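Engineer: This structure is in structure tokens; I'll ask about it shortly.
Read-outs throughout are calculated quantities, based only on the coordinates presented, and are distinct from any laboratory measurement. Note that the coordinates shown come from a computational prediction; the quantities given were computed from them, not determined experimentally. Cβ: placed from backbone, ideal geometry, glycine included. Neighbour counts: every protein chain shown.
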Amino acid sequence: MRILKKIVGLLLILLVIAQFFQPGKNEGEVTALEPFIAEVAPSNEVHQILKTACFDCHSNTTKYPWYSRITPVNYWMAHHVEEGKEELNFSDWASYSLKRKEHKMKEVWEEVEKGKMPIKSYTWTHTDAKLTQEQIQQVIDWAKDAQTKYQQQLAN
């Protein structure tokens, strides 16, 4: 029993010390999203869906909840944001080639249609990011329309 108390005490001390070490935050300028919004012209409804369900992990601007200051949760969140931005970063949209933009819009509607996006671990804590069937269809329709426009540009 004594050894268990020592182990628990040591783990508690390590947890407190770990709170002093935080990963970098993804706090870029919201204006970096303007080229993307201007180019793909989502409706107000789709724009709101993107803000609520996509931009935290797929842009250079993340709104952090209070629990993001707790280690190890903060490292887990930082990893998710890093992975999300590697796959698709709406803040970097202007630097994407036409072919890449077309491909990314296809991935957007496919992932949303399959229910893979937004990821479940995100919607657990961001219940407003759980998309209704109507919202899913709005995003799919918008992304397919944008993809078609890019395909037409590629064909010219």
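Engineer: Give me the helices (runs of 4 or more DSSP H) completely within region 79-156, filtered to those with at least 1 residues that are more than 15 Å from the chain's Cα centre (by Cα) and among the acidic types (Asp, Glu), ordered by residue number.
Structural biologist: On the way: elements: 98-113, 120-125, 133-155.
Per the criteria, 98-113, 133-155.
Engineer: Checking TYR150 against (1) more than 24 Å from VAL30 (Cα to Cα); (2) exposed (fewer than 12 other Cβ atoms within 10 Å of the Cβ): exactly one of these is not met. Which one?
Structural biologist: Only one criterion is unmet by TYR150, namely (2).
Engineer: Tell me yes or no: at least one residue of region 29-39 is assigned to a loop (DSSP other than H, G, I, E, B), of a type in the set (Gly, Ala, Ser) and surrounded by 15 or more Cβ atoms within 10 Å (Cβ to Cβ).
Structural biologist: So the first thing to find is which residues in region 29-39 are assigned to a loop (DSSP other than H, G, I, E, B), and the list is 29.
Pick out the ones that are also of a type in the set (Gly, Ala, Ser) and you get none.
No: zero hits.
Engineer: Let me spell it out: the conditions are (1) farther than 17 Å from GLU34 by Cβ; (2) surrounded by 14 or more Cβ atoms within 10 Å (Cβ to Cβ); (3) of a type in the set (Val, Ile, Thr), and VAL73 meets all of them except one. Which number is the exception?
Structural biologist: Among (1) farther than 17 Å from GLU34 by Cβ; (2) surrounded by 14 or more Cβ atoms within 10 Å (Cβ to Cβ); (3) of a type in the set (Val, Ile, Thr), the lone unmet condition for VAL73 is (2).
Engineer: While we're looking at this one, here's another question. What pairs come up if the first residue lies in region 128-147 and is touching a residue at least 60 places away in the same chain (Cβ under 8 Å) and surrounded by 14 or more Cβ atoms within 10 Å (Cβ to Cβ), the second is charged (D, E, K, R) and part of a helix (DSSP H, G or I), and their beta carbons are under 6 Å apart, counting only those six or more places apart or on different chains?
Structural biologist: GLN138/GLU45
Engineer: Anything in region 77-117 that is buried (at least 16 other Cβ atoms within 10 Å of the Cβ) and of a type in the set (A, V, I, L, M, F, W, C)? List them, or say none.
Structural biologist: MET77, ALA78, VAL81, LEU88, PHE90, TRP93, MET105, VAL108, TRP109, VAL112, MET117 - these are the residues of region 77-117 that are buried (at least 16 other Cβ atoms within 10 Å of the Cβ) and of a type in the set (A, V, I, L, M, F, W, C).
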